[in-house]
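So the structure is just underneath, and the comments pick up after that.
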Amino acid sequence: MNGLNQLLKKLIRNGTGRKRFVMALLGLSVAMLLILAAVQIQADYNELLLSKSNQDSIANFLVLNRALTDQTIGATTLADSDINDLKKQPFVESVGTLTPSRFKASIQSNSDRFPFFTDIAFESVPDDFIDVTSKDWKWTETDAFVPIIAPNMFLDFYNFQFSFSQNLPQLTHSVVKMIVFKVNVYGPGGIISFNGRVVGFSDRVSSLLVPEEFMRWGNTHFGKNQDAKPSRVIIKTKDPGNPELAKYLQSKQLVTDTEKTRFSRYRQVVDIVVNISWLSGAVMLVFALLVFTLFIQLTIASSKEEIMLLITLGASPKQLRKFLMRQFFPVNLVIIIVALVIITILQFTIHNILKNQNIFIPALPSVYTFLTAFLVVTVIWWVNRATIGNYISSN
Amino acid sequence: MTITFRHLVPIPLKERFLQRSSGIWNTDTSFLPGEYIKIKAPSGTGKTTLVHTIYQLRNDYEGTVLFDDTPVRKLKGDELAAVRQQKISVIFQDLRLFANLTARENIELKRVLQEPYYPKEMIDTMAAELGITHILEQRAGVCSYGEQQRVAIIRALIQPFSWLIMDEPFSHLDNDNISKAASLIHRECAKRGAGLVITDLEHDSHFTYTKELNL
């Protein structure tokens, strides 16, 4: 069969359009690179968003409340339907309601050396949403001790502003955790006092947290409005930068810590870039395939007489198709392999550069990139085959 | 393989053929395996038309041509190619060589188009027998017509076949070369148990014919 191919090569020349051939190949190469790069960027991006090594634990919890505007003043409670709807969203893993204290309370220093007194309000949240582990984090009605979790922000505020203005000492976490103070709860029958102590600091919820049991007890016995609805919820999400989440919050007029969702802006920009890359790659692929197809047609047309005589002499359409495929298809494989090699080199280089900045992407291109390459090869194979098939049988 | 004709009439020549009697046109006849058939006819009576019809190069006829039980008309694409590679070999009146290939390449192409019937060396053996060894490496386009005719003969003989169809194959050969070619052709047909069909203007005795037909 080798001898036959050599003779056919002599008869069916593709020298007629060298320039066009090179152009078509160039177009195909660029298209291939763009498409594979788009897939790889998307894969890397997903990796950055979802992999453990890149995740920021704080960002996974968001506290939501209604945007407070002139219209919503006094009507910021969230209905059950709102919360159920939130639970149904794909980007929400779980929802916890924050229960505010509806009783009056204050805290007060036990020591004269370090006196303080302030009215205070608490909030409680299901234990699953708390990022502090402490063996003291529990309360029953018989306990005289109430554990409290304070926001880091409060202590920062004290240490870096308040202490300077009041000429007070700065306090570390461990010192604060040692201070026992009095927690007063005001009820119709007078004041009930507990011992209180900060058992941990949290970045998650910016309020003083008490165990849910204490809150339930306090609200049941001293609360004014028994079936009050919550105004704030905390959600757990895999991806606070998800643009869907940002869109949902906006449509429901909910607000959260924008610092945490700001990433969604960048995400949208990257999504657009990836889409443009996709689209231009796809358009280029279509054009390159078109030019390539024309090139095949041109070669067949310019060797029309030879092909006719070959068929007259008994060359089968199958033999000719096979020969033409062997003429045109392998160069596509070369292009794909070169494109994959370039992508691999780029990925490896970027991997090394980003590693120094503590951003981790895989050293090798993703499986999806290879799958895409395979898919594109299949498409090209099919287009080549169809073109050759059409033209051989029409001759 | 038996070639059967049933009321075959080429459409372009229909008017003329229906008015006179003929050994093939508008009648029923068969070429049986291994027969040597001479078709004698003056110019313009459809010799080449007949060859092209058998070889399925044209379809503009009424009636039927059968290869055994298969209507030739139904053969298409790869099936037809298989027949041309294995069953029927042809020498065209206009030879149909690739002008840009050498004489050897022209023959070699037909040799390797299917599973080769003969080894490569057979080309040299046959070329020597017909006296064209010296032009084997020349482009076919620059060979004389007589040389090209002999190249076409060898090309037809290098492949397997059960019928050899020849359309005035010796028109440009002298008597000496004709008898060399005829004996080579006879030998190759006998070897394969193949039949042959030869068309010519005049009566001849190149072969021992089993049937002579007038068109």
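Do we have B:Thr125 as open to solvent by 10 Å² or more (accessible area, probe 1.4 Å) and touching an Asp or Glu at 6+ places or on another chain (Cβ under 8 Å) here? It is false that B:Thr125 is open to solvent by 10 Å² or more (accessible area, probe 1.4 Å) and touching an Asp or Glu at 6+ places or on another chain (Cβ under 8 Å). Taking the conditions (1) open to solvent by 80 Å² or more (accessible area, probe 1.4 Å); (2) in a helix (DSSP H, G or I); (3) touching a residue at least 40 places away in the same chain (Cβ under 8 Å) in turn, A:Leu155 satisfies each one other than (1).
Filter segment A:303-323 down to the residues that are more than 9 Å from chain B (Cβ to nearest Cβ) and touching a residue at least 40 places away in the same chain (Cβ under 8 Å), then identify the one that is farthest from B:Ala99 (Cα to Cα).
So, considering only residues that are more than 9 Å from chain B (Cβ to nearest Cβ) and touching a residue at least 40 places away in the same chain (Cβ under 8 Å), the one farthest from B:Ala99 (Cα to Cα) is A:Arg321.
Here is the figure for segment B:86-122: residues that are open to solvent by 10 Å² or more (accessible area, probe 1.4 Å) and among the polar types (S, T, N, Q) total 4.
For beta carbons closer than 7 Å, sequence separation of 6+ or different chains, a first residue in segment B:171-188 that is farther than 15 Å from B:Leu157 by Cβ and a second that is open to solvent by 70 Å² or more (accessible area, probe 1.4 Å), the qualifying pairs are B:His172/B:Tyr145.
Scanning segment A:79-133 for residues that are farther than 22 Å from A:Leu254 by Cβ, assigned to a strand (DSSP E or B) and touching a residue at least 60 places away in the same chain (Cβ under 8 Å) gives A:Lys104, A:Ala105, A:Ser106, A:Ile107, A:Gln108, A:Ser109, A:Ile120. Only residues that are within 7 Å of another protein chain (Cβ to nearest Cβ), basic (Lys, Arg) and not in a loop (DSSP other than H, G, I, E, B) were counted in segment B:61-115, giving 2.
Among the candidates B:Ile24, B:Ile54, B:Ile37, the residue that is open to solvent by less than 30 Å² (accessible area, probe 1.4 Å), hydrophobic (A, V, I, L, M, F, W, C) and within 14 Å of chain A (Cβ to nearest Cβ) is uniquely B:Ile54. For the structure I just gave you, tell me whether A:Ile307 is at pLDDT below 80, in the same structural domain as A:Val376 (by TED's automatic domain parsing) and buried (at least 17 other Cβ atoms within 10 Å of the Cβ). No: the conditions fail for A:Ile307. No other residue among A:Leu209, A:Leu289 is closer than 30 Å to A:Arg326 by Cβ and more than 22 Å from the chain's Cα centre (by Cα) apart from A:Leu289. Got at least one residue in segment B:172-190 being touching a strand residue (DSSP E or B) at 6+ places or on another chain (Cβ under 7 Å), open to solvent by 20 Å² or more (accessible area, probe 1.4 Å) and not in a helix (DSSP H, G or I)? The answer is no; no qualifying residue exists. Residue under question is B:Ala128, and the condition is that it be in a helix (DSSP H, G or I) and facing chain A (nearest Cβ under 10 Å); does it hold? When the stated conditions are applied, B:Ala128 does not pass them.
When the criteria are applied in full, B:His203 fails the requirement of being away from chain A (no Cβ under 14 Å), under 17 Å from the mean Cα position of the chain (by Cα) and outside any helix (DSSP H, G or I).
Filtering segment A:312-330 to residues that are farther than 18 Å from A:Gly3 by Cβ and open to solvent by less than 40 Å² (accessible area, probe 1.4 Å) leaves A:Thr312, A:Pro317, A:Met325, A:Phe328, A:Phe329.
If you go through segment A:102-122 one residue at a time, do you hit one that is loosely packed, with under 15 Cβ neighbours inside 10 Å and under 26 Å from A:Phe61 (Cα atoms)?
Going residue by residue through segment A:102-122, those that are loosely packed, with under 15 Cβ neighbours inside 10 Å are A:110-119, A:121.
Pick out the ones that are also under 26 Å from A:Phe61 (Cα atoms) and you get A:121.
Yes.
The values are calculated or read from the model by the stated rules, or taken from the named source; none is laboratory data. This structure is a prediction, so every number in the text was calculated from the model and none was measured. Here the Cβ is made from the backbone with ideal geometry for all residues, glycine too, and neighbour counts use every protein chain on show. Ligands, DNA and RNA are stripped out before the accessible areas are found, and what is left, the full protein with its side chains, is counted by its heavy atoms. Shrake-Rupley method; radii C 1.70, N 1.55, O 1.52, S 1.80 Å.
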